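Scroll down for the structure; my scribbles are underneath it.
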Amino acid sequence: MSNFFEWDPAKYSVQVPKMDRGHQEIISCMNRLHTLREAKAPQAQLVKTVGDLCAITVKHFAEEEAYMASIGFADLAKHKIIHKTLLAKVMEHKSLFEATGKLTEEFFSFLKVWLKAHICGIDIKYAPQRVAA
Ligand SMILES: [Fe+2]
């Protein structure tokens, strides 16, 4: 079975191995969640995986912000606000899931769109080649 979201280095690499690994971790957790939902896995497993996804995202954002600070990235403040907004959205979906016990299609499309747009449009700005240019 193909994954919900395929990692493609040509499209999604930001040329910083640690950040690429963080993005891949988020993607594989999201894929896992999608597969569990399709398989109608026990609710406890879904709850655990949604929790993991949130934790991985929080960790990755912190690492990314630390990385941007370490290279003196000019748009760090702006990027932090974007992360905060995204995280609030993720948490909103998590609360909705906790309240209803259901994972909506919107949640997955939000994650997919967010990952694509954020990695390719926002994170790519701190890629070494871009920063040097
Ligand atoms: Fe980011």
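Bear in mind these aren't lab numbers, they're just calculated from the coordinates by the rules spelled out. These numbers come from a predicted model, not from an experiment. Cβ atoms come from the backbone with ideal geometry, glycine included; neighbour counts cover every protein chain shown.
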ask   = Among Ala77, Ala44, Ala69, whose mean-square fluctuation peaks in a Gaussian network model of the chain (Cα, cutoff 10 Å)?
value = Ala44
request  = Measure up Lys11/Lys59; Lys48/Lys116; Lys40/Lys89; Lys48/Lys94; Lys40/Lys102; Lys80/Lys116 against 21 Å on the Cα-Cα distance and list the ones that go over.
outcome  = Lys11/Lys59; Lys48/Lys116; Lys40/Lys89
Neighbourhood net charge (13 Å Cβ-Cβ; Lys/Arg +1, Asp/Glu -1) for Leu46 = +3
inquiry  = Give me the net charge for the shell around Arg130: Cβ to Cβ below 13 angstrom, other residues only, Lys and Arg +1, Asp and Glu -1.
reply    = -1
inquiry  = How charged is the neighbourhood of Cys120? Take every other residue with its Cβ under 11 Å from the Cβ of Cys120, and add Lys/Arg as +1 and Asp/Glu as -1.
reply    = +1
Principal axis box of the stretch 15-132, alpha-carbon based, largest edge first, Å = 48, 23, 20
remark   = Measuring from the longest principal axis of the C-alpha atoms of the chain, the long axis of helix 17-38 (C-alpha) lies at a number of degrees, nearest 10, equal to 20 degrees
note = Largest fluctuation, Ala62, Ala99, Ala88 only, Gaussian network model of the chain with Cα springs under 10 angstrom, belongs to Ala99
note = Longest principal axis of the chain (C-alpha) makes with the long axis of helix 43-70 (C-alpha) an angle, in degrees to the nearest 10, of 10 degrees
note = Projecting the Cα atoms of His23, Ser2, Gln43 onto the charge dipole of the stretch 1-52, where Lys and Arg contribute +1 and Asp and Glu -1 at Cβ, the residue farthest towards the positive end is Gln43
task = Calculate the dipole size of the chain relative to its Cα centre from +1 charges on Lys and Arg beta carbons and -1 charges on Asp and Glu beta carbons; express the result in debye to the nearest 20.
result = 80 debye
